[in-house]
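Data block below; observations after.
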Amino acid sequence: AMLMPPLLILTSSNRLVQNRLSTLQAWMSKTFTKQLMLPINFKGHKWASILLALTLMLLSLNLLGLLPYTFTPTTQLSMNMALAVPMWLSTVLIGMRNQPTISLGHLLPEGL
């Protein structure tokens, strides 16, 4: 649990191969992003960076809870709502902007 959060901090340099830690970080982030974006179409790939950052933050916070005598912040409703409401609202507003008839169609009863 103590070694995982430093692996999640991404670094950049102008050298081709920095060291083993940077190579491991790049491989992990590339593999994770590929798995995360696999079921999403190409236009949804613009969400990759925010979803990766959110997932890595949640992973590191939950791994912190494995240490003895520590508190996991994700057990609080206020933190979960602070993360969930803006993401939900942004997807609803983007859906209304890009496909208004389909988005408004979800508000009507089925078969109407």
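Nothing in this text is a laboratory measurement; each read-out follows from the coordinates by a stated rule. As the structure is a computational prediction, the values presented were derived from the model and not from experiment.
Taking 0.36 nm per residue of separation and subtracting the current Cα-Cα distance, fully stretching the chain between Ser60 and Met87 would add 7.8 nm. All distinct Cα pairs of the range 13-90 go into the 1/r average, and the inverse of that average, the Kirkwood radius, is 14.9 Å.
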